[in-house]
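One structure below.
The values are calculated or read from the model by the stated rules, or taken from the named source; none is laboratory data. The structure presented is a predicted model; accordingly, all values stated were derived computationally and were not measured. Don't worry about glycine lacking a Cβ; one is built from the backbone with ideal geometry, like all the others, and counts go over all protein chains shown.
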Amino acid sequence: MLPDNNRVILIVGPTAVGKTGFAIKMAKRVGGEIISADSRYLYRGMDIGTAKPTPEERSTIPHHMINVADPDETWSLSAYIKKTLDLIDEIHNRRNTPLVVGGTGQYIRALTEGWRIPEMVPDEALRKVLIELGDQIGSVELHRKLSILDSDAANFIDGTNIRRTLRALEVIFTTGKRFSELRVKDGPVHDYWIIGLTIPRSELFERADKRVDQMFLDGLVAEVQQLLDLGYDPMLPSMSAIGYKEVILYLQGEITLEAARQLIKKNTHQYIRRQANWFKPTDSNIHWYQMDPYPLEMVLSDLEREKKGLP
């Protein structure tokens, strides 16, 4: 299949649905390069708990936006969008097809709607105060405070995502303006063709649970301990990712290992439910495919028909 110089393929869906394997197979067929749209993949040293594509998987197809920051570095949404748009242009210039793959809904929405978000120089003193406040009152209460200051921003920021909540509050206090007012939608820069992958919710939960069990067998506890030994603060926003915050509680002696395992499964189920708010079955912009039977040939056929303008 020949690449389209303005076409960008997006592959979305809930965690554990099989996006990584599907994307690699599709990239091989369309001459593609993969750009991660998973905020957890940005950080070096956080591999097992994020279910990051393995080095072997990444060696078969070029991957981008993986392992680009240390856990104590901040990657804003605007920085992600700018870098991703630059990568899309570079991939097109190589006559390849960009495949943006991931389950971070805000990244996908910002790309497809053309959000223009002002980049600001971080105010480290203010950020420290806000992080300390978040540590004291927790992510839910911090999000409630954001809803008082900017209800629109609170509606599109996940209440458990303390990093994005902190960022919105930092913008508000720095600029004196509502964060939602600064998020301008210019419309999409490229022709996005969105593939949604899905399986029944009960099967998805079962697959997610098995993946959590495998993470522990693969050394999740040792991975988290190594990050702490390297001096990374357990209260860093990156360390609040599912899998890491629960193991930290275990390492700090607050819960048992089995309790940490079950809590990761519970939080993963909740995350899957929240992802459904970003990727809705009723969204006419998403071409949905069941993962059983494996839909690759159908996807390629539909994509080719769409390029030719066929119904």
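Structure notes:
- Residue count for the range 266-289 satisfying the condition of being among the hydrophobic types (A, V, I, L, M, F, W, C), crowded, with 17+ Cβ neighbours inside 10 Å and under 11 Å from GLY105 (Cβ atoms): 2.
- Hey, LEU77 under 12 Å from the mean Cα position of the chain (by Cα), under 26 Å from LYS265 (Cβ atoms) and surrounded by 14 or more Cβ atoms within 10 Å (Cβ to Cβ) or not: no
- Only a single item in (1) without any contact (Cβ under 8 Å) to a residue 60 or more places away in the chain; (2) outside any helix (DSSP H, G or I); (3) surrounded by 19 or more Cβ atoms within 10 Å (Cβ to Cβ); (4) aliphatic (A, V, I, L, M) is not met by ILE255, and it is number (3).
- One residue from LEU87, LEU111 being assigned by TED's automatic domain parsing to the domain that holds ILE35 and surrounded by fewer than 19 Cβ atoms within 10 Å (Cβ to Cβ): LEU87
Residue by residue, here is whether (1) within 27 Å of MET26 (Cα to Cα); (2) in a helix (DSSP H, G or I) holds:
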| position | (1), (2) |
| --- | --- |
| VAL247 | no, yes |
| ARG261 | no, yes |
| LYS266 | no, yes |
| ASP283 | yes, no |
| ASP292 | yes, no |
| LEU300 | yes, yes |
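- Taking each residue of the range 127-146 that is in contact (Cβ under 8 Å) with a residue 12 or more places away in the chain and looking for partners that are surrounded by fewer than 15 Cβ atoms within 10 Å (Cβ to Cβ) with beta-carbon atoms closer than 6 Å, six or more apart or interchain, yields ASP135/MET235.
- Within the range 12-67, considering residues that are of a type in the set (Asp, Glu) and in contact (Cβ under 8 Å) with a residue 12 or more places away in the chain, the one surrounded by the fewest Cβ atoms within 10 Å (Cβ to Cβ): GLU57
- Helices (runs of 4 or more DSSP H) contained entirely in the range 1-110, each with at least 3 residues that are farther than 26 Å from VAL212 by Cβ: 19-30, 77-93
- For the range 191-240, residues that are modelled with pLDDT under 95 and touching a Pro at 6+ places or on another chain (Cβ under 8 Å) total 3.
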